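> First, the structure itself, so that you have it in front of you.
Please treat every number below as a calculation from the coordinates, not as lab data. On a predicted model such as this, the values are computed, not experimentally measured, just so you know. Quick reminder, even Gly has a Cβ in these numbers, built from the backbone with ideal geometry, and neighbours come from all protein chains shown.
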Amino acid sequence: MLGLSRKDTGFLIAVICLTLATPIFLQPFPETSSLAQFNAGYPDLMQRFAIYGIFVMGFNILFGLTGYLSFGHAAFLGVGSYSVVWMYKLLDYNVLPGLVLAVIMSGIFALFIGFVSLRRSGIYFSILTLAFAQMSYNLAYSVFTPLTNGETGLQVYLNDPQVLMSEGAPTSPHLFGLVMNESAKVAVGDWIFTFNVGYYFTAIIAILVFYLSLRIFRSPFGMILRAIKTNRNRLNYAGINTKPYMLTAFVISGMYAGLAGGLLAAMDPLTGAQRMQWTASGEVVLMAILGGAGTMMGPILGAGFIKYFENIFSKINESVLHQWFGWMPDGVQDFVIGVVSPFVGEGWHLTLGLLFMVVVIFLPGGIVQGALLVVGMFRRRNGHDGPKKQESASSAAQPAE
Amino acid sequence: MDAIILQILNGLDKGSAYALIALGLTLIFGTLGVVNFAHGALFMIGAFCAVTVQKLVTLSFEEVDPTRTDFLGNPLKVQMPYVDALFGPSAGEFLINWSVPLAIVLAIPVMLVVGITMERGLIKHFYKRPHAEQILVTFGLAIVLQEIVRYFFGANPIPTGAPSAFAGPMDIGAILGFTPGTVIYPYWRFVYFIFSAIVIGGVFAFLQFTTFGMVVRAGMNDRETVGLLGINIDRRFTIMFGIAAVVAGMAGVMYAPILSPNFHMGMDFLVLSFVVVVVGGMGSLPGAVAAGFLLGILQSFASMNEVKSLIPGIDQVIIYLVAIIVLLTRPRGLMGRRGVMEE
């Protein structure tokens with residue numbers, strides 16, 4: 001179906017179902033229970049899951065397929081955000097023109113940066129992309145202040161032209177009247193599910209670009225990109241000029257990032273230069289590696305994982321810990337809380353760093369490889385015969401898609 | 001003329017820090033072939049050694065001073081540092097005043113231990129793995145180290161003063177024969193430059209004039225042959241990693257009075273230091289030092305008002321711009337050796 005193999009069609013349908021049902025299954029605990037703070041089904045976070053999913057999908061087309069580690073992808077995110085906010089300022093709050101412009105602008109930007117950076121490979125490529133991104137970040141703070149509004153951040157003011165703005169049009173981002181931050185709350189027993197317009201808008205875009213990247217992964221073009229990762233010289237000897245392929249991959253990946261940045265501004269109509277800082281580029285690298293670079297689903301899981309950590313795990317403070325471990329004897333309780341508290345709340349970065357190191361050291365294939373290992377172990381325990389054992393072992397060593 | 005000298009001087013202290021960190025990075029890369037993203041964290045740990053020493057010597061207890069009274073007429077309670085009580089007021093005063101330079105005594109063993117532990121515990125397992133994975137694992141380590149420091153010292157910068165003898169500005173213009181008052185330069189920055197020149201000279205002398213250094217240089221050129229000659233090159237490289245950590249740590253200790261240490265200062269410096277290393281040429285020690293000073297001085301020239309009005313925003317991007325131009329025109333960097341990290 002849609003040019004996909006039967007297995008991929010099933011995969012795509014599974015992803016679509018999961019994405020559409022996200023508001024339900026991220027809300028597993030009833031509102032009244034003490035675990036309710038682990039519910040992630042609120043609009044802001046769900047939108048972030050989808051948006052950063054798009055961002056990391058794009059990064060994965062570059063890093064996962066070709067192995068070129070870009071440390072400057074946040075620049076495209078920033079360009080996308082600025083484009084959308086500018087369209088709000090000039091036209092009106094409809095997100096569509098902004099998103100189109102975001103993709104085009106980040107594509108042009110990526111074409112330029114990619115054209116220069118791809119002249120080098122390895123660590124030099126990483127440093128070049130980092131240098132470009134940091135330059136954009138610094139310039140956004142200084143010279144480009146008329147365009148970016150400097151440290152204040154770009155936002156819509158009352159005296160902006162907004163030429164398409166009509167009487168009674170929504171005064172927050174919308175798609176032809178569908179206001180993004182509107183949501184419907186449905187209460188089922190103790191559970192409250194929030195179905196948000198913005199989330200479904202981002203989710204549908206995410207599904208579309210997921211399909212696109214699935215096609216890229218399976219296409220001859222994707223094959224060439226993989227070949228570049230394996231051995232670029234050999235491709236050159238075979239008479240294939242790798243440069244246009246690399247550049248195309250870079251531009252596509254930049255456009256994904258621009259789209260993600262645009263969606264960030266579509267959910268919340270303001271932006272600032274800090275979206276372009278290198279720490280944001282580092283974050284997307286963390287996401288891709290943690291989930292499993294080069295696999296379809298891994299990076300998206302990684303993005304979800306990190307965003308979940310950032311928003312939920314960081315809220316666990318000492319009083320919550322006291323509540324949890326209240327059943328222990330006092331001395332033990334204090335000891336346990338003393339041990340746990342550096343790793344939660346404000347210290348969630350520490351946990352993330354440790355986890356990331358563990359993944360890089362033991363599971364270079366990320367969460368996906370870990371899952372495959374576990375599946376493989378179960379298969380072996382259930383007494384399957386030799387050939388299957390080998391199959392699961394090899395699929396664990398080299399995680400397929 | 002005096003304006004130019006002032007800008008060169010302004011560039012020297014940042015340039016010294018870049019050069020010291022880049023030197024350590026290059027030592028590690030040249031010997032072990034590892035790209036160490038945690039090197040900025042080592043610089044940061046060094047700076048926090050200075051903070052620790054300052055905190056230790058100013059640890060104090062409350063004491064009643066019988067000679068003075070407060071405004072109610074009661075005997076005044078004063079904070080009495082332990083060092084004053086132990087060594088007498090003058091020696092105690094001296095220790096508190098000179099806590100930053102003294103922190104080097106603490107920093108050397110600490111950094112040596114941290115460096116060697118890092119190498120044996122983690123980096124050792126990454127020799128054979130791709131550079132991308134080395135970058136990633138050391139990046140993770142850097143996050144962990146800086147979060148540990150934040151846990152103990154908090155997220156705010158901690159002011160750490162220079163010794164009062166070097167605290168004020170000095171009038172270099174008067175020394176060099178210009179009109180007094182035109183070239184004013186903070187004393188401590190000058191000390192920092194001298195200090196880094198000594199450290200850099202020391203490292204080069206160590207590599208050039210000792211047997212140990214000779215073996216290390218030989219190992220950098222051809223590791224296998226040196227190993228075949230029956231020399232345990234791995235152990236020496238581990239020690240070199242420790243030395244690189246010590247260099248970064250000392251750079252951090254002495255930088256504490258210039259920039260109040262905070263937990264993410266390492267990352268801020270690391271990004272620029274990597275640019276410095278790449279501009280200088282991966283694996284070239286003189287290249288790293290030269291590029292460090294060059295970029296530091298260029299940056300301070302770019303932040304002159306005359307230059308800024310000519311090309312707006314140049315002060316923000318000059319380093320990256322130079323890096324891009326150098327990488328595109330001289331792919332090996334300014335002094336890079338042939339065959340290091342090419343394709």
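> For the stretch A:144-283, go through all pairs of different Cα atoms, get the mean of 1/r, take its inverse, and jot down that Kirkwood value in Å.
About 19.1 Å, per the Kirkwood formula over Cα pairs.
> Treating only the Cβ atoms of Lys and Arg (+1) and Asp and Glu (-1) as charged, compute the dipole magnitude of the stretch A:6-276 about its Cα centre; round to the nearest 20 debye.
Its charge dipole is roughly 1600 debye.
> Hey, another quick one. Okay, which of the stretch B:145-167 sit inside 11 Å, backbone N to the point 7 Å along the Cα-Cβ direction of B:Tyr187?
It comes to B:162-167, nothing else.
> State the Kirkwood hydrodynamic radius of chain A in Å, one decimal place, computed from all pairs of distinct Cα atoms.
Taking the inverse mean of 1/r over all distinct Cα pairs, chain A comes out at 22.8 Å.
> Of B:Ile45, B:Thr31, B:Asn10, whose Cα points farthest to the positive end of the dipole of the stretch B:1-160 (charges on the beta-carbon: +1 Lys, Arg; -1 Asp, Glu; origin at the Cα centre)?
Checking the options against the dipole of the stretch B:1-160, the answer is B:Thr31.
> Find the centroid of the Cα atoms in the stretch A:314-344 and in the stretch A:127-147, then give the distance between the two in whole Å.
Cα centres, the stretch A:314-344 to the stretch A:127-147: 43 Å.
> What spacing in nm lies between the two simple spin-label points modelled at A:Leu96 and B:Arg330, each 7 Å away from Cα in the Cβ direction?
A separation of 5.4 nm, rounded to one decimal place.
> Let me ask you something else. For the stretch A:1-55, what's the radius of gyration and Dmax over Cα atoms, in angstrom?
Both quantities, over Cα of the stretch A:1-55: 14.7, 47 Å.
> Excluding residues fewer than 8 places away in the same chain, name every one of the lysines whose C-alpha is closer than 28 Å to that of A:Lys307.
Within the straight-line cut-off, A:Lys307 pairs with A:Lys185, A:Lys315.
> Something else: Looking only at other chains, what is the average number of their beta-carbon atoms within 10 angstrom of each beta-carbon in B:245-255?
Mean partner shielding for this stretch: 0.
> So, one more: Taking the simple approach of a point 7 Å from Cα along Cα-to-Cβ for both B:Leu86 and A:Leu111, what is their distance in nm?
If labels sit at B:Leu86 and A:Leu111, their model points lie 6.8 nm apart.
> How well do other chains shield peptide A:3-9, expressed as the mean number of their Cβ atoms within 10 Å of each residue Cβ?
0
> Please compute the net charge surrounding B:Ala302, taking Lys and Arg as +1 and Asp and Glu as -1 over other residues with Cβ under 14 Å from its Cβ.
0
> For the ranges B:190-199, B:56-65, B:294-303, what's the packing order if you count other beta-carbon atoms within 10 Å of each residue, average per peptide, and put the highest first?
B:294-303, B:190-199, B:56-65
> Please compute the alpha carbon radius of gyration of the stretch A:36-158, then divide it by the globular-protein estimate 2.2 N^0.38 Å. Two decimals is fine.
Rounded to two decimals, the normalised Rg is 1.20.
> Principal axis lengths of the stretch B:87-195 from Cα atoms, whole Å, largest first?
58, 42, 26
> Just round it to a whole percent: the fraction of Cα-Cα distances in the stretch B:177-242 exceeding 14 Å.
Result: 68 percent of Cα pairs exceed 14 Å.
> Additional query: Let me have the 222 nm mean residue ellipticity of chain A computed from DSSP H runs of 4+ only, each contributing -39500 (n - 2.57), with the sum over all residues rounded to the nearest 500.
For chain A, the value works out to -21500 deg cm²/dmol.
> If each DSSP helix of 4+ residues adds -39,500 (n - 2.57) and the sum is divided by the residues in chain B, what number results at 222 nm, nearest 500 deg cm²/dmol?
-22500 deg cm²/dmol
> Across every pair of different alpha-carbon atoms, what Kirkwood hydrodynamic radius in Å does the stretch B:190-326 reach?
The Cα-based Kirkwood calculation yields 17.2 Å.
> Sticking with this structure for a sec: Going by Cα centres, the stretch B:1-34 and the stretch B:61-113 are how many Å apart?
Measuring centre to centre over Cα atoms gives 35 Å.
> Please state, as a whole number in µm²/s, the translational diffusion coefficient that the Stokes-Einstein equation yields for the protein assembly as shown at 25 °C and 0.890 mPa s, with Rh defined as the Kirkwood radius across alpha carbon pairs.
D, rounded to a whole number, is 86 µm²/s.
> Which helices of chain A meet both criteria: a Cα extent of 18 Å or more along the helical axis and a mean Kyte-Doolittle score no lower than -0.5, with helices taken as whole DSSP H segments?
Those that clear 18 Å and a mean of -0.5 are A:6-25, A:43-66, A:74-90, A:95-117, A:122-141, A:197-218, A:242-267, A:278-291, A:298-311, A:348-362, A:366-381.
> How do A:Ser341, A:Ser106, A:Ser142 rank when sorted from fewest to most other Cβ atoms within 10 Å of their own Cβ?
A:Ser341, A:Ser142, A:Ser106
> May I pose another question? In whole angstrom, how far apart do the alpha carbon centroids of the stretch A:3-72 and the stretch A:77-100 sit?
Comparing the Cα centres of the stretch A:3-72 and the stretch A:77-100, I get a distance of 24 Å.
> Placing +1 on the Cβ of each Lys and Arg and -1 on the Cβ of each Asp and Glu in chain B, which of B:Tyr187, B:Ile123, B:Asn156 has its Cα farthest towards the positive end of the resulting dipole?
B:Ile123
> Still on this structure, I have one more. Quick one: in chain B, what % of C-alpha pairs are over 27 Å apart?
51 percent
> I'd like the mean, over residues of B:140-151, of how many other protein chain beta carbons sit within 10 Å of each residue's own Cβ.
Counting other chains' Cβ atoms within 10 Å and averaging over B:140-151 gives 6.
> Which one of A:Asn181, A:Ile113, A:Gly153 is farthest out on the positive end of the charge dipole of the stretch A:6-276, using unit charges on Cβ (Lys, Arg +1; Asp, Glu -1) and the Cα centre as origin?
Of A:Asn181, A:Ile113, A:Gly153, it is A:Ile113.
> Taking the Cα atoms only, what angle lies between the long axis of helix B:2-32 and the longest principal axis of chain B, rounded to 10 degrees?
Here the helix axis deviates by roughly 60 degrees.
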